[in-house]
Amino acid sequence: MLMSVGSLAAMGLALGSVLGVASRYLAVEENPIEAELQAMLPGSQCGQCGYVGCAQAAAALAKGEAPVTLCPPGGKATAEALAAKLGVKVDLSKVSDSGPQIAEVTEEICIGCCRCMKVCPTDAIIGAAKQIHNVIREACTGCSSCVDVCPTEALGMMPIPVTLQHWTWPKPASAHN
Amino acid sequence: MGFLDRFLKTPSWGVHPEDHKRPAADVALRIFPTPERIFMPLNQHVGGMARPIVMVGQKVLKGQLIAEAQGNISAPIHASASGTISAIGEVTAPHPSGLPFKAITIDSDGADRWIDTDPLVDPFSAAPEEITKRTAAAGVVGLGGATFPAAPKFALGKRLKVKTLIVNGGECEPYLSSDDRVMRDFPEMVIDGARLVMHAIGATEALVGIEDNKPEAIAAMRKAAAAFPEVKIRPLPALYPMGSDRQLIKVLTGIEVPSDARAAETGVLVHNVSTCAAVHKAIRLGQPLVERIITINGGAIANPGNLFAPLGTMIGDLFAFVGLKEAPSRLILGGPMMGTPLLHDRIPIVKGASGILAFNAVEAHVPDAGPCIRCGSCTKACPMGLLPLEMAARIKVGDLEGAEAYALQDCISCGCCAYVCPSHIPLVQYFSHAKGELTAAERTKLRTDATKRLAEAKAARIERENREKAEAAARRKAEREAAKAAAATPATTEKQGVSA
Amino acid sequence: MKEFALMMIGAALVNNVILARFLGLCSFMGVTTRVDTAAGMGLATTFVITVSSMADWAVQTYLLDAYGLGFLRTVTFILIIASAVQFTEMTIKKVSPTLFQMLGIYLPLITTNCAVLGVALLLVEGRMGFLSATMFAFASSVGYSLVMIIFAGLRERLVLADVPRLFAGPPIAFIVAGMLAMAFMGFSGIATS
C-alpha cells in the first residue's frame, strides 16, 4: 500500500518537475499568430466586429473567441484567409456576404453637417460645412460607420458597381454534384 | 510541348478543328459603305481608356483625333467617318457580360472626307523612334485580338534589342479569314509594314509564319517578299493554336518562352499581319487606324465573307449588309475557340474584332457536360503542357489555390482542352472563372493594403491636428500671459487686443 | 538482426496499429483531411509513442515488476503518456503555431489515443527486451504515420471526386478506409510478429 502510493507520488513529482522546467524553456511569449492575423484584417478600425479595433479582434481570433467571419468589410475573402491561417473550417455559404459595399451620399438630402467625415476611418468622404459631401469610391472600405451618424439618412450602402474590369465569368453549373 | 517535340516535325500539342474558312475566305473583299451612325468606343485596347477631346455638335473629319491616349499603355481613338458628334455616351461593350462602356457617337455626313494626312516620305532614313511615335499617334494596336498598343511593344523590342520579328499569319481559329484576306489582297502592305516594324525595333530578320491551309496567301506573300531577303515566308502546319505567340515562337525559332518571361526577353517579338498593314498605313499614308477587314461568317449568314468596314459600325448594320438566313442562335466576336460570346447585335466593332460569327442552331448546340472520365485527352491537347483535368476538378470544389498550384496562370484559354473533352466539360469557363476570382482576390488584397495606409494617414493627420491645436492653445496662453504682464504698462493695451 | 527486421515490418505493416488492430481511429478519421496535418499528427504521435514506450518499459521492469505492483500498470502508463503529450504540445506550440492550430483538440487527445496505450500494453505482454520494445514501438508508430498520410492523400483526392450526395463526406471516407484495410491485408504472410 505504502509502496504503491509512494511510487506513484514519486513519479508524479518527477514528471511534474520535468514539465515545469520544460514549460519555462518552451514558453511562448506572445501568440505569434496574432500579429499575422492583424495583418490580414483591413486595419480600418471600424469596430463593426464588436471589438475596439483590428488589434483586439486579432487577439480574440487568436484565442479562438471570435469566429473568422467577424469582419464585415473584409467579406468572404478575409474570412477565407483567416480560416486558412487558423486551420479551421468555415461554411462560407452562410456568411452574409452581400459582396463588397461602398457608401453613397444621396445629394438631395445631405445637409453638409460634416459628421460622416469625422467618423470615416480612411478619410474617404470629402466636403465642407454646409456643402454636399461625397464619397471617394476608391478609398471607401464599406465599414458603414458614416451611415450610423448621418442625421438625415443621406448616406446609404450600395454594392460596388460591376464594371467591365471587375466582371468575372460565373462558375459553370454542374449536373454532377 | 514535350521532350519528343524536339525530334518530331509536327508538335504533339494542339487540335485540328474543321476550319470552315471556305467559302467565306475565297469571296472577294467587299467594301462596307459608311453607315449613318457610328459608335466609337473609348476603350478598344488593353490599358487606359482614351479621353474624349471633342464636344457634342462638333464637326469631325475621317481620321481626326477624337480621344487621346491616357497613361503609358493606351491608344488614341480617331473618327472613322466624317460627320457630327451627336453624343458621348454609353453603348454595350463587346464583352460576355453585356455591360456598357463609353463611346463617342458620330452621325455620318456620308461624304467620308479624310482629314489632311501627313505621310512620312522616307521612313527608312528616319529615326526608329519616329516610326514608334507615329504608330502610337495613329492608334495602332495588336489586331490579332489581344489589342495591346503596338508602340509600347516597339519600344520594348528596341530596349531589349530584339533581333527577330515574327509576323503572325497563323490565323488558326476556324471560320476566320480576315488575316488571310489581308495577305492575299495587300501583301505589299504587310511586307512593307513588317519592314517598318523591323526598322522601329532594330530587328535584322522577319519570319512570316503562315499556316499551310492558306496556299493563296503564301503565294501572294512570297511574291511580295521576293525583293527583300530579310523577310522570310515560313509555311506552318495547320494546327490550332498555331497563332498563339508562344506556340508560334516555339515552332518558328525553337525558343520556348519561359512561363514568367515576355516573348521580347527571349529576343523575338510577334506582330500580326493586320497590325503590320496598319503600321504601313500609319507611316506611308499617314492614316490612323479607323477601319479594318472583318470576317462575317457562320451558318446564319446568307453571304459570308470579308468586309472592309469602319470601326464603330454596329454589328447589326453589318448583318443587314451581308443578309441573314435565319435569326442567329449565337453571336461570337472573334473565333469559335477563343471568341467572346455577344448577347445581341447592337454592339459596335472594335479594333481587335477580327470576325463576327453568327451561328445557326446546329452550330450553336453545346452538348451537356458529363463527368470527367480521366482519359487525359486534355493534357495531350494542351499547348502549354498543363493538366486541365486536375485544375478543373479543383476549381469545381472551390479550391482555387490548388488550381493555381497546377499553373493555372499559364493557361492561354485556347480552348483545346474543352474541344477534345469527350465529356464536353466547359473547361475554359472553369479556368476563366478561377482566373477572374483570383484577380478579384488580388484586388481585394491591394484594397485592404490601401485601406491600411489610408487609416494610418488619417490617424497621423488627427494626431498632427491635435498637436497643432495644443501648440496653438499653448501659444495663445503664452501670449495672453505676456499681455497680462504687459497690461501693467498701459501703452501696450492696443496690441493686446490684436493678439487676443 | 533478421528477427528485428521481421518484427519491425510486422509491427508497421502486417499488424498495423490502425488497419489491423483498429487503434487510434479517432485521429485516423479526424485529422486526415490534409496531408500536411496528417504528417504532423503522425510525427507527434510517433514521438509520443516511442518516448512513452521507452519510459513505460523502464517503469514496468524496474518498478512494477520488481515490487509486484502490476495492478498499477494502467494508471502509471497513462501518467507517463500524459506527461509526454504535454511536453510534445509545448514543443509544437513553440516550433509551429500553425500546426498547433491545425491539430487543435487532437493534440491533447493523443493522451487518450488508444494507439499509444495499446502499443505500451502490447510490448509489456510480449515480454520484450528494451531494444526490441523500443524498435517495436517505433515501428508501430511509423506504421501509424504511414497509414495516416496515405489516407490523407486519398481523402484529398476524394474531395475532388463526384461522390453521390448520400455518400459524400465521412461515409465515403469510411468505405475508403475499409478498402485500405483490405489492401493492407495483402501484407500478411510476409512477416509475423
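Read-outs throughout are calculated quantities, based only on the coordinates presented, and are distinct from any laboratory measurement. Treat the numbers as computed from the prediction; the structure is a model and nothing was measured. Cβ coordinates were reconstructed from backbone atoms using ideal geometry, including for glycine residues, and neighbour counts include every protein chain displayed.
Below is a table of values for the structure above.
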read-out	value
Cut-off under 5 Å, modelled amide H: who pairs with B:Arg292 long-range	B:Ala309, B:Leu311
Per-q log10 I(q)/I(0), chain A, q = 0.09, 0.16, 0.19 Å⁻¹ (Debye; single scatterer per alpha-carbon; no solvent)	-0.51, -1.03, -1.21
About the Cα centre, charge dipole magnitude for segment B:375-500 (Lys/Arg +1, Asp/Glu -1 at Cβ), debye	720 debye
Mean-position separation - Cα centroids, segment C:42-97 and segment B:119-169, in angstrom	75 Å
Principal semi-axes in Å for chain C [√(5λ), Cα gyration tensor, largest first]	30, 21, 13
For chain B, share of DSSP beta bridges that run antiparallel, in % to the nearest 5	60 percent
Over segment A:33-93, relative contact order from alpha-carbon pairs under 8 Å, at least 6 apart, %	29 percent
Normalised contact order of chain C, rounded percent, pairs of Cα under 8 Å and 6 or more residues apart	44 percent
Peptide-level mean, for B:441-454, of C-beta atoms on other protein chains within 10 Å	6
Karplus (6.51, -1.76, 1.60) ³J(HN,Hα), θ = phi - 60°, over segment A:129-138, in Hz, Gly and Pro reported as x	4, 6, 10, 5, 8, 8, 9, 7, 4, 5
Computed FRET value (nearest 0.05) for A:Val147 with C:Phe22, which takes r as the C-beta separation and R₀ as 56 Å	0.45
Net charge of Cβ neighbours under 13 Å - reference B:Lys214; Lys, Arg +1; Asp, Glu -1	-4
Model label zone, B:Ser125; criterion: amide N under 17 Å from point 7 Å along Cα-to-beta-carbon; scope segment B:251-286	B:284
Against the rule of thumb 2.2 N^0.38 Å, how large the Cα Rg of segment B:375-500 comes out	2.46
Counted charge near B:Ile293, where neighbours are those whose Cβ lies closer than 11 Å (Asp, Glu -1; Lys, Arg +1)	0
Residue order, fewest to most surrounding Cβ atoms within 10 angstrom, among A:Ser7, C:Ser140, C:Ser96, A:Ser17	A:Ser17, C:Ser96, A:Ser7, C:Ser140
Projected label distance in nm at C:Phe71 and B:Glu256, using a 7 Å step from Cα toward the beta-carbon	7.4 nm
Dimensions in Å of segment A:33-93 - Rg and Dmax from alpha carbons	10.1, 28
Exposed-loop-free span, longest in chain C, where trypsin sites (Lys or Arg not before Pro) count as exposed if DSSP calls them loop and at most 15 other C-beta atoms lie within 10 Å	C:1-126
At q = 0.13 Å⁻¹, base-10 log of I(q)/I(0) for chain B (Debye sum, equal scatterers on each alpha carbon)	-1.34
Where labels lie 7 Å past Cα in the beta-carbon direction, separation of B:Gln58 and B:Val27 in nm	3.8 nm
Magnitude of the charge dipole, the protein assembly as shown, Cβ model with Lys/Arg +1 and Asp/Glu -1, debye to 20	900 debye
Additional length obtainable on full extension of the chain from B:Arg443 to B:Glu90, 0.36 nm per residue less Cα span	124.5 nm
Chain A: DSSP helices with Cα axial extent of at least 24 Å and average Kyte-Doolittle hydropathy no lower than 0.0	A:2-25
Inter-label distance for A:Glu138 and A:Leu13, nm, one decimal - labels placed 7 Å from Cα along Cα-to-Cβ	7.2 nm
Surrounding net charge for B:Ser80, when Lys and Arg each add one and Asp and Glu each subtract one, Cβ distance under 11 Å	+1
Positive dipole terminus of chain B, leading residue within B:Ile293, B:Ala219, B:Leu269 (C-beta point charges)	B:Leu269
Counting all C-alpha pairs of segment A:101-159, share separated by more than 19 Å (%)	12 percent
For segment B:138-233: relative contact order, % (alpha-carbon pairs under 8 angstrom, 6 or more apart)	30 percent
Net dipole in debye of segment C:27-184 [+1 Lys, Arg Cβ; -1 Asp, Glu Cβ; about Cα centre; nearest 20]	220 debye
Calculated FRET value between B:Ala488 and A:Ala129, using beta carbons and R₀ = 56 Å, to 0.05	0.85
Convex hull per residue volume in Å³, alpha carbons only, for the protein assembly as shown	277 Å³
Average projection area in nm² (convex hull over Cα atoms of segment B:429-480, one quarter of hull surface)	3.3 nm²
Interchain or long-range residues, amide H under 5 Å from B:Glu90's placed H	B:Ala103
Convex hull volume per residue in cubic angstrom - Cα atoms of segment B:236-355	145 Å³
Built amide H within the under 5 Å cut-off of B:Asn272, gap 5+	B:Leu143, B:Gly144, B:Asn168
³J(HN,Hα), Karplus 6.51/-1.76/1.60, whole Hz, each residue of segment C:71-82, x for Gly, Pro	5, 8, 4, 4, 4, 5, 4, 4, 4, 5, 4, 4
Of the DSSP H helices in chain B, those whose Cα atoms cover at least 24 Å axially and whose Kyte score averages -1.0 or more	B:427-487
Equivalent-ellipsoid semi-axes of segment B:94-240, from the Cα gyration tensor, Å, largest first	26, 23, 17
